[in-house]
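The structure appears right after this line, and notes come after that.
The values are calculated or read from the model by the stated rules, or taken from the named source; none is laboratory data. Predicted model, so just to flag it, every value in this text is computed and none were measured. All Cβ positions, even for glycine, are placed from backbone atoms using ideal geometry, and neighbour counts span all protein chains on display.
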Amino acid sequence: MSVKDAIAALVEQRFTSALTRDSHGKVAGILTARDLLQRLHENGCDGLSAPLTAFATPRSKIAWCAPEDALEKTLGMMRALGVRNLPVAFDGEILGMLTAKDIGDYLMELRSSSKNKEAFLNLTEGRAGLPAGSRTVSRERGAQLVVELGGATVEEEDVEVAATRFCLPNPLKLNDGHSARSLSDLNGREPTTDIDLSEDASFVMHSSHATHVGVFDGVGSWRKLGVDPRAYPHSLSKECEQALQDQGSLRPDEVLERAWRRVTDREVPGSSTALLLALRQNSLAYCSLGDCGVVVLRKPDVSGTMTQTGRAQPHNAHRTTTRAPVLVAAQQLRDFNLPYQLGWTNEGGTKPFETPLQANAGTFPVFAGDIIVAATDGLFDNVSLEGVAEVCDSWERERRGSLAEALCVEARKRSLDDDVDSPFALLAKENDVMWGGGMPDDVTVVCLEVAGK
């Protein structure tokens, strides 16, 4: 079927997704309205005659749920994979398609006592027609409203930001860029600290209005194909910096889009995950594709609730307060240990990879006292969120070195510990992969410490 015919079919049936099938009637793939929009964005009307097989998600990559799955598990799966449609499969047969709207409708039915006319009127009374003068709001105003509706107050003055950045290569990295399998294979040599061997890239840019951060994680397996895996992430990082120098008001998703197109036009081989942040006044905007992570850590007061400004207000000056994550951006994975990636290859251009359109983007209000941690998966594969918070608390008490360095050192230490299962090892076992201990990897961390002026 062509793209044009698929659009017509979805519109007529009022569906947002559909399964495709082969000539034998077996499921071949899945198509969503988002896929069609992306296709039109990339090809315009010239792509209307293209067959669906060119871009529909193939059967081998379709996630599914079963009739007996709990609602919580199904919602968690949708959230983790970033999808809104799941086929329901039973004994090799597809019973139907479960959508996020289906779940929302079901939850609404649970909350209303009946479907009668009285219940309908109670739900819709006063909600027909927008209030006079209704208008859309900016991203910044939206973030401010989130805070105000949550019972907090936004500080009027701008915030000051102290940024630190640190990188450590995979401790088992050899001089030729390949990695040893274990410490014993280093033949008595110390774990490497040569950051030129790291396949990560990063930048921090300050302006009078914002602080911008970029973190990129290259894919080392390109080395087996004779391609320097550092080339793509470093090119992407430099193009992001150039885009911001050209126009500092760009949103993170706009920066990534421009940089990706420039690197693609240059046909730089390789691939990388990407994370971009922009901190303006009290609003953090982020754009993430793959498994780099961003976490906002905030101190609670002694009652266990967050203060309005993010500052701790203990009644007992000697009581220790531990930071807690108030934002954890979702990771995007095709499969276990296979994150979404931007990339280019001379065998298919960008086709085997994702595009910036598939990145997660959002905004979040921050306050004086918050700590923002942006890092490659080398940190989060080895240090749990609780561990990251503990390192922040410990560093804040002693103020030795930089926080970014403290987190890198902790990640490296745990990556070489074979006796304690890391977050990566725990997730591996959930996916029937027998992995124990830590996960040696390049690690890059950027920390932003937010303070009031």
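General remarks:
- Filter result for Ser23 (buried (at least 16 other Cβ atoms within 10 Å of the Cβ) and more than 22 Å from Gly348 (Cα to Cα)): no
- Asn360 closer than 21 Å to Thr273 by Cα, polar (S, T, N, Q) and surrounded by 20 or more Cβ atoms within 10 Å (Cβ to Cβ): no
- Hey, Glu72 closer than 28 Å to Ala329 by Cβ and of a type in the set (D, E, K, R) or not: yes
- Scanning the range 82-103 for residues that are within 26 Å of Ala330 (Cα to Cα), free of Cβ contacts under 8 Å to residues at least 40 places away in the same chain and either touching a His at 6+ places or on another chain (Cβ under 6 Å) or of a type in the set (D, E, K, R) (or both) turns up just one, Asp102.
- Which listed residue is of a type in the set (S, T, N, Q), closer than 26 Å to Pro252 by Cβ and modelled with pLDDT of 95 or more, from Ser402, Ser415: Ser402
- Unique residue being among the hydroxyl-bearing types (Ser, Thr, Tyr) and within 24 Å of Gly290 (Cα to Cα) when the list is Ser415, Ser394: Ser415
- Filtering the range 426-453 to residues that are part of a strand (DSSP E or B) and farther than 11 Å from Asp381 by Cβ leaves Thr444, Val445, Val446, Cys447, Leu448, Glu449, Val450, Ala451, Gly452.
- Residues located in the range 154-175, provided they are modelled with pLDDT under 90 and of a type in the set (Val, Ile, Thr): Val154, Val159
- Residue list for the range 191-227, filter: outside any loop (DSSP other than H, G, I, E, B) and of a type in the set (D, E, K, R): Asp196, Asp200, Asp217, Arg223, Lys224
- Yes/no for Thr57 being within 21 Å of Glu354 (Cβ to Cβ), within 23 Å of the chain's Cα centre (by Cα) and β-branched (Val, Ile, Thr): yes
- Subset of the range 234-250 [hydroxyl-bearing (Ser, Thr, Tyr) and out of contact with any strand residue (DSSP E or B) (no Cβ under 7 Å at 6 or more places or on another chain)]: Ser235, Ser249
- Test for Val409: is it β-branched (Val, Ile, Thr), in the same structural domain as Leu172 (by TED's automatic domain parsing), in contact (Cβ under 8 Å) with a residue 40 or more places away in the chain and over 16 Å from Leu327 (Cβ atoms): yes
- Qualifying residue in the range 415-427 (condition: among the hydroxyl-bearing types (Ser, Thr, Tyr), under 23 Å from the mean Cα position of the chain (by Cα) and over 21 Å from Val204 (Cα atoms)): yes
- The one condition from (1) of a type outside the set (A, V, I, L, M, F, W, C); (2) at pLDDT 85 or above; (3) buried (at least 16 other Cβ atoms within 10 Å of the Cβ) that Gly96 does not meet is (3).
- A single entry from His212, His178 fulfils the requirement of being at pLDDT 90 or above and over 22 Å from Ala406 (Cβ atoms): His212.
- Tallying residues that are within 24 Å of Trp64 (Cβ to Cβ) and either not hydrophobic (A, V, I, L, M, F, W, C) or not assigned by TED's automatic domain parsing to the domain that holds Phe166 (or both) within the range 328-376 yields 12.
- Within the option set Leu276, Leu244, Leu256, being at pLDDT 95 or above, in contact with a Cys (Cβ under 9 Å, 6 or more places away or on another chain) and not in a strand (DSSP E or B) holds for one residue only, Leu256.
- Entry remark, the range 281-315: residues being over 20 Å from the mean Cα position of the chain (by Cα) and either at pLDDT 95 or above or of a type in the set (D, E, K, R) (or both) number 3 in total.
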